[in-house]
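As structure tokens, the structure follows; a few thoughts come after it.
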Amino acid sequence: MQAVRLKEFKEPLEVEDIERPQPDPDGAVAEVVGCGVCRSDWHCWQGDWEWFGYRPDPPHTLGHEPTGRIVEVGDEVEHVEEGDEIAIPFNFACGTCDLCRNGHENICENHIGLGFMNEAPGAFAEEVHIPNADINAVPLPDSIDAEAAAGCGCRFMTSFHAMAHRAPVTSGDDVVIHGCGGIGLSAVHIANALGGNVIAVDLMDEKLELAEELGAIETVNAREVDDPAQEVVDITNGGADISADALGIETTCLNAVNSLGKNGTHVQVGLTTSEEEGYISLPTDEFVAKEIDFKGSLGLQPSRYSEMLSMVETSKLDPQALVSETIDIHQVPDELEAMTDFNTVGIPVCTDFSS
């Protein structure tokens, strides 16, 4: 089968033929119907995130935002069957550790990151293996087909967990999203659906215009103002209730925190770059004086996908509104190369893996 292969960090990616996966006894193999092309794939290609455990040994197949159709199951799988259309979280869980048993599968003690770790070759491929399939293969409702759900991958489901669970956004909250890439735009859309008054901050007018289409009531071009955080404080008459850094660089994280008012909550969604290597200095005294909460957010529990999918079924959420284009597998390397200069808007999705 064809797959996009990381042969060497920062060197051109290649599409090549590899062996199709075989299911573990508790696993399943899915034909990939759609897979989003994400900046996280770019980070993996660059060799970032060693400090996070997300640095596979080349050669390795990239891709972590798939939906699919089950084509083979292992002997120990009980609930997943051939032909099932599924969403596939990138945060594979074991289902048996204390965290999994208590509803925190997204931070499983035995977490495996699809496309980011040796144990889980990615989904820029005709087929992908899903370990612990009864946990990690999430059935799609009949009303949502796998291709339509392709926009629900990492960026969308991660933003859902961040906005609906970690913040959580409630009606009337002032919510500011710093960084309007795929995660940020998803967060704008979801926070708006949850009743928040959303302010979007970015450097590109094109992304801010899309943020407005997705529900932002105000936008701030950080390139055109002296202090983006103060702009948000002024817009909200004292500071936002909830902020999110959807990019992961020092500037956006600090601006997001400084956008908050008293009793505000910051949600960190973006992972840092090789420049920060996981560490950013924060105004800790402000956290004390304003009683600000700082929360991390990773992925979405497979057991809570139904909450997001029910909002899609009732048209409160529309992940397809964020899909900027559909491409074939041979275009994936160029799409990732464009992310070097942030030259993508919305979520590109690969839907053709055999051409």
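The values are calculated or read from the model by the stated rules, or taken from the named source; none is laboratory data. None of these values were measured; they are calculated from a predicted model. Positions of Cβ are backbone-derived with ideal geometry, glycine not excepted, and every protein chain shown enters the neighbour counts.
Give me the strands (runs of 3 or more DSSP E) completely within segment 220-319, filtered to those with at least 2 residues that are touching a Lys or Arg at 6+ places or on another chain (Cβ under 7 Å) and outside the structural domain of residue 109 (by TED's automatic domain parsing), ordered by residue number. Correct list: 260-268. Applying the condition of being surrounded by 21 or more Cβ atoms within 10 Å (Cβ to Cβ) and without any contact (Cβ under 8 Å) to a residue 60 or more places away in the chain to segment 160-193 and asking which residue is nearest to the chain's Cα centre (by Cα) yields 188. Every condition in (1) part of a loop (DSSP other than H, G, I, E, B); (2) at pLDDT 95 or above; (3) of a type in the set (Asp, Glu) holds for residue 134 except the one numbered (1). Do we find that residue 77 is buried (at least 20 other Cβ atoms within 10 Å of the Cβ), at pLDDT 95 or above and assigned to a loop (DSSP other than H, G, I, E, B) in this structure? Judged against the criteria, residue 77 is a match. Within segment 1-52, the set of residues being β-branched (Val, Ile, Thr) and surrounded by 17 or more Cβ atoms within 10 Å (Cβ to Cβ) comprises 4, 15, 29, 32, 33, 37. Do we have residue 26 as over 18 Å from residue 182 (Cβ atoms) and part of a loop (DSSP other than H, G, I, E, B) here? Yes, satisfied. Screening the candidates 195, 182, 238 for the property of being within 23 Å of residue 304 (Cα to Cα) and modelled with pLDDT of 95 or more yields one hit, 195.
Matching residues to (1) in the same structural domain as residue 37 (by TED's automatic domain parsing); (2) farther than 27 Å from residue 184 by Cα; (3) surrounded by 18 or more Cβ atoms within 10 Å (Cβ to Cβ):
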position	(1), (2), (3)
117	yes, no, yes
120	yes, no, yes
123	yes, no, yes
129	yes, yes, yes
132	yes, yes, yes
137	yes, no, yes
140	yes, no, yes
145	yes, no, no
149	yes, no, yes
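Listed by first and then second residue, the pairs linking a residue in segment 328-346 that is over 16 Å from residue 182 (Cβ atoms) to a residue that is of a type outside the set (A, V, I, L, M, F, W, C) and modelled with pLDDT of 85 or more, with Cβ atoms under 7 Å apart and 6 or more places separating them unless they lie on different chains, are 328/352; 329/2; 329/352; 333/12.
For segment 296-327, a residue qualifies if it is in contact (Cβ under 8 Å) with a residue 40 or more places away in the chain, farther than 19 Å from residue 30 by Cβ and touching a strand residue (DSSP E or B) at 6+ places or on another chain (Cβ under 6 Å), and the qualifying residues are 296, 297, 322, 323, 327. Within segment 86-113, the set of residues being surrounded by fewer than 21 Cβ atoms within 10 Å (Cβ to Cβ) and touching a residue at least 24 places away in the same chain (Cβ under 8 Å) comprises 94, 95, 103, 104, 107. Residues that are touching a Leu at 6+ places or on another chain (Cβ under 9 Å) and at positive phi within segment 266-320 comprise just one, 278.
Is it true that some residue in segment 194-215 is in a strand (DSSP E or B), touching a helix residue (DSSP H, G or I) at 6+ places or on another chain (Cβ under 6 Å) and surrounded by fewer than 24 Cβ atoms within 10 Å (Cβ to Cβ)? No, that holds for no residue. From the list 320, 268, the lone residue that is crowded, with 20+ Cβ neighbours inside 10 Å and closer than 21 Å to residue 196 by Cα is 268.
Figure legend. Inter-residue proximity from segment 130-142: first residues at positive phi, second residues of a type outside the set (Gly, Ala, Ser), beta-carbon distance below 7 Å, spacing 6+ or different chains. Indicated pairs: 132/26; 132/92; 132/94.
Working carefully through the options 340, 314, find the one that is loosely packed, with under 14 Cβ neighbours inside 10 Å, within 22 Å of residue 213 (Cβ to Cβ) and either of a type in the set (Val, Ile, Thr) or modelled with pLDDT under 95 (or both). Of the residues listed, the single one that is loosely packed, with under 14 Cβ neighbours inside 10 Å, within 22 Å of residue 213 (Cβ to Cβ) and either of a type in the set (Val, Ile, Thr) or modelled with pLDDT under 95 (or both) is 314.
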